[in-house]
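**Q** If you scroll down you'll find the structure; I have some questions about it.
The values are calculated or read from the model by the stated rules, or taken from the named source; none is laboratory data. As the structure is a computational prediction, the values presented were derived from the model and not from experiment. Neighbour counts are summed over all protein chains in view; Cβ atoms, including those assigned to glycine, are modelled from backbone coordinates with ideal geometry.
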Amino acid sequence: MVGTTHEARHRLFQADPDLASRTLGRIFGRKRPAACSTTPINVDATEHRPLERRMDTVLLLQEPGRKRIVIIESQTKPDAKKRRSWPYYIAYLHELYECPITLIVVCSDTATAAWARSPIVIKDPDDGDEYAVMTVYPRVLGPDNVPVIRTLAEAVEDVPFTVLAAITHGRSRSVDAILDVVEQALDTIDVDFAAVLAEHLELGLTGTKAQTIWRAKMSAQTYRFQSEYAQQLREEGREEGRLEGEARSVLRVLDRRSVRVPDSVRAQILSCEDEETVQNWLDRALTANSVEDLFTT
């Protein structure tokens, strides 16, 4: 299962590693050699010091006579810490692989895209730009430069890119029509891969009205790939409903025993997604004299 909105945007490039090369050509005009292979590589840039640094997705592009690294970073909002990390990622990978590095930042709103697109200049504040130690120019994918895929003919040319474009334009007023095209395009490719892309799309739309629209479309079972996906959604719903019922039973038992439960703990119990933990809480609630007894092992 793919994780959050953040994860969905960059993991699309893991699901289809060649998407990075095609996107560089499509958005930034970089020609893609006929013979080009792409391989995901380790994203851990942690050194021996106790400081962890992990990039989102890193791809090694092998071309005739050369290679290069593409870093894919998903960004939901401006973050000064990330802008300090990106030059480190580039320097680390350049030293490790001894090849050119390209940084692609994927954003879901125009403001964040504009922020990410601004050059990162590392220099002494008393020096001019000509003495900058490093200047980083991120390549940014956002609603302002990723095209809206409006027709099925265009969508089927590159279905993973179509999914990426739909996520990028998830807040568009015409998102319903955009998702109609995606739905039809997914039905033209391998069923299993289509289901994977559909899941990435749903999670990439988290927090938007478009996610509700997409889930409704997936539940309709109009196309081949949707049957398994719709079943998954139903099973998740049943599981979430059953766990929520057990969590409410924990609170009901505590209430009957006059045990005070702070709002923060109540929210923690209701949001728990681990069945064994909820069942343990229910057992302890039967004898608990305080809410602390619930968490005592």
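**Q** Cβ-Cβ below 8 Å, separation at least six or inter-chain, first residue in the range 115-132 and modelled with pLDDT under 85, second among the β-branched types (Val, Ile, Thr) and assigned to a strand (DSSP E or B): which pairs?
**A** Pairs found: 129/121; 129/135.
**Q** Only residues that are among the polar types (S, T, N, Q) and at pLDDT below 80: list them for the range 265-287, please. Steps first, please.
**A** To start, the set of residues in the range 265-287 that are among the polar types (S, T, N, Q) comprises 268, 271, 277, 279-280, 287.
Answer for the range 265-287, where residues must be among the polar types (S, T, N, Q) and at pLDDT below 80: 279, 287.
**Q** Output yes when any residue across the range 90-97 is modelled with pLDDT of 95 or more and not β-branched (Val, Ile, Thr), and no when none is.
**A** The answer is no; no qualifying residue exists.
**Q** Here is a further query. Search the range 25-63 for residues being outside any strand (DSSP E or B), among the hydrophobic types (A, V, I, L, M, F, W, C) and modelled with pLDDT of 85 or more, and hand back the single one that is surrounded by the most Cβ atoms within 10 Å (Cβ to Cβ).
**A** The residue in question is 27.
**Q** Mind telling me which of the residues 181, 196 ends up being at pLDDT below 90 and under 22 Å from the mean Cα position of the chain (by Cα)? Spell out the reasoning first.
**A** Values: 181 fails: at pLDDT below 90.
That would be 196, the only listed residue that is at pLDDT below 90 and under 22 Å from the mean Cα position of the chain (by Cα).
**Q** Moving on to the next point. Give the range 107-134 a look and list any residue that's under 18 Å from residue 72 (Cβ atoms) and not aromatic (Phe, Trp, Tyr), or say none.
**A** Once the filter is applied, which keeps residues that are under 18 Å from residue 72 (Cβ atoms) and not aromatic (Phe, Trp, Tyr), the range 107-134 yields 107, 108, 109, 112, 113, 116, 117, 120.
**Q** Ok, one more. Select from the range 184-193 the residues that are of a type outside the set (Gly, Ala, Ser) and part of a helix (DSSP H, G or I) and write down the one among them that is modelled with the lowest pLDDT.
**A** 192
**Q** Which residues, counting only those in the range 122-175, are surrounded by 13 or more Cβ atoms within 10 Å (Cβ to Cβ), of a type in the set (A, V, I, L, M, F, W, C), touching a Ser or Thr at 6+ places or on another chain (Cβ under 8 Å) and assigned to a strand (DSSP E or B)?
**A** Within the range 122-175, just 141 meets the criteria.
**Q** Considering only residues that are in contact with a helix residue (DSSP H, G or I) (Cβ under 7 Å, 6 or more places away or on another chain) and charged (D, E, K, R), look in the range 200-216 and name the one that is modelled with the highest pLDDT.
**A** Checking each candidate, the answer is 202.
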